[in-house]
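Colleague: Let me begin by handing over the structure; questions about it come next.
The values are calculated or read from the model by the stated rules, or taken from the named source; none is laboratory data. No experiment lies behind these values; they were computed from the predicted model shown. Neighbour counts run over all protein chains shown; Cβ positions are idealised from the backbone, glycine included. Surface areas here come from the heavy atoms of the whole protein model, side chains and all, with no ligands, DNA or RNA. Shrake-Rupley method; radii C 1.70, N 1.55, O 1.52, S 1.80 Å.
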Amino acid sequence: QHYQQTEQRLQMAQQALLGHAIIHHYLPCPDTDNPPDGWENLRADQSCVDEEGLLPWMQLGLVATDAWGRYFRYRADRTFSQHTQWFSVIDAEGASNIQVVGDSGAATSNPSRPAAIVLSHGENGLGGIQSVSGGVSHTMAAPVHADEQENADGDLFFVDKARQQSGDAVFDDRLVMLSPKVLIQQMVQAQRLP
Ligand SMILES: [Ca+2]
Ligand SMILES: [Ca+2]
C-alpha cells in the first residue's frame, strides 16, 4: 500500500518535472534549505546551489513526501537545470553525468544516464529526511546496505533495483529517472527547443 502510493507520487514527480521543463525550458534546482520549504535554491547567478537536494515539491505542485513522510531526494544534471541558457538537442544527448545502475557491484553493466532522478528512501527511510509537523525535519540514520549508501552519498551514482535483504542490510529504495530522450522529445513537440 505504502509502496504503491510512493510509486504513484514518484510517477507524478516525473510528469511534473517534464511539465516544468516544457514551460520553463529547464529543470528546477533542488531544494537545499534546512528545514526544506519546497522551493528550489539558486545562487545570485541563477545556477543551482547544489545539484542534489530535495525535490522542490511546492514549485512542482506535488505532495511533499513519500508515503512514509520522508522528502524525495532529487538530483538534476546541470546541463538540464541551467536557468540562463536553453540546452540544445545536440548538447543534451548523452550529456548527463548522472549514472544509474542495476547493481553497484556489476561494474560492467551499462549505466542509464538520466537528466534527473527522484528517489524515495523506501520503508526504512535510511539516508532520508523525515518531515515532522510544524515545519521541522529530522535526519534519518545512515543506510546499512551498500547500494542504499550509494543512493544517499550525494554523488553522481545511483542504484535502481528490486527490494533486497541480506541479514540486517535491506535495500528498499525506489527511484524514477527522467530520460533525456523523453525530455527532448516532449520539448521539441511543445516547440520549446531552438
Ligand atoms: Ca531505503
Ligand atoms: Ca551515490
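Colleague: Counting only residues that are in a strand (DSSP E or B), surrounded by 19 or more Cβ atoms within 10 Å (Cβ to Cβ) and not β-branched (Val, Ile, Thr), how many does segment 167-194 have? Walk me through how you get there before you give the answer.
Modeller: Of segment 167-194, the ones in a strand (DSSP E or B) are 169-171, 174-178.
So of that shortlist, the ones also surrounded by 19 or more Cβ atoms within 10 Å (Cβ to Cβ) come out as 171, 174-178.
From what's left, not β-branched (Val, Ile, Thr): 171, 174-175, 177-178.
The number of residues fulfilling the criteria is 5.
Colleague: Among the residues of segment 37-66, what is the count of those that are in contact (Cβ under 8 Å) with a residue 40 or more places away in the chain and either part of a loop (DSSP other than H, G, I, E, B) or touching a Lys or Arg at 6+ places or on another chain (Cβ under 6 Å) (or both)?
Modeller: The qualifying residues number 7.
Colleague: Could you check how many residues of segment 129-164 are away from ligand 1 (no atom under 15 Å from the Cβ) and aromatic (Phe, Trp, Tyr)?
Modeller: 1
Colleague: Within segment 142-182, which residues are among the aliphatic types (A, V, I, L, M) and more than 15 Å from the chain's Cα centre (by Cα)?
Modeller: So the first thing to find is which residues in segment 142-182 are among the aliphatic types (A, V, I, L, M), and the list is 142, 144, 146, 152, 156, 159, 162, 169-170, 175-178, 182.
Of everything in segment 142-182, those that are among the aliphatic types (A, V, I, L, M) and more than 15 Å from the chain's Cα centre (by Cα) turn out to be ALA142, VAL144, ALA146, ALA162, ALA169, VAL170, VAL182.
Colleague: Could you check how many residues of segment 165-194 are touching a His at 6+ places or on another chain (Cβ under 7 Å), within 16 Å of ligand 1 (Cβ to nearest atom) and among the charged types (D, E, K, R)?
Modeller: 1
Quick grid of which residues meet (1) in contact with a Ser or Thr (Cβ under 9 Å, 6 or more places away or on another chain); (2) open to solvent by 30 Å² or more (accessible area, probe 1.4 Å); (3) under 20 Å from GLU123 (Cβ atoms):
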| position | (1), (2), (3) |
| --- | --- |
| GLN8 | no, yes, yes |
| GLN15 | no, yes, no |
| TYR26 | yes, yes, no |
| THR32 | no, yes, no |
| GLU40 | yes, yes, no |
| ALA67 | yes, no, yes |
| PHE87 | yes, no, no |
| GLN99 | yes, yes, no |
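Colleague: Quick check, is LEU126 within 16 Å of ligand 2 (Cβ to nearest atom), surrounded by 14 or more Cβ atoms within 10 Å (Cβ to Cβ) and not acidic (Asp, Glu)? Walk me through how you get there before you give the answer.
Modeller: Numbers: within 16 Å of ligand 2 (Cβ to nearest atom): yes; surrounded by 14 or more Cβ atoms within 10 Å (Cβ to Cβ): yes; not acidic (Asp, Glu): yes.
Yes; evaluated as a whole, the condition is true for this residue.
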